[in-house]
């Protein structure tokens with residue numbers, strides 16, 4: 001498992017994850033869409049902390065040079 005995400009990608013992903021989770025909690029009140037956004041947000045946080053995205057690996061894409 002090698003790092004395939006650049007630092008800017010990790011920061012943007014983390015910010016989007018926080019927005020998704022806050023939107024889910026305060027606006028959508030954890031309805032079906034809110035739960036989906038929460039799951040996506042948690043996945044984004046985990047991948048941004050680790051620096052490795054499995055989808056990038058499957059697609060042969062990387063933002064880190």
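Every number in this text was worked out from the coordinates using simple rules, so none of it is lab data. Computed from a prediction, not measured in an experiment: that's the story for all the values here. Note that each Cβ is placed from the backbone with ideal geometry, even for glycine, and that neighbours are counted across all protein chains shown.
Remarks
- Within the range 1-21, the residues that satisfy the criterion of being under 21 Å from residue 65 (Cα atoms) and not in a loop (DSSP other than H, G, I, E, B) are 7, 8, 9, 10, 11, 12, 13, 14.
- Residue tally, condition touching a residue at least 60 places away in the same chain (Cβ under 8 Å) and exposed (fewer than 15 other Cβ atoms within 10 Å of the Cβ), over the range 1-23: 1
- Residue in the range 22-39 that is within 17 Å of residue 1 (Cβ to Cβ) and part of a helix (DSSP H, G or I) present: no
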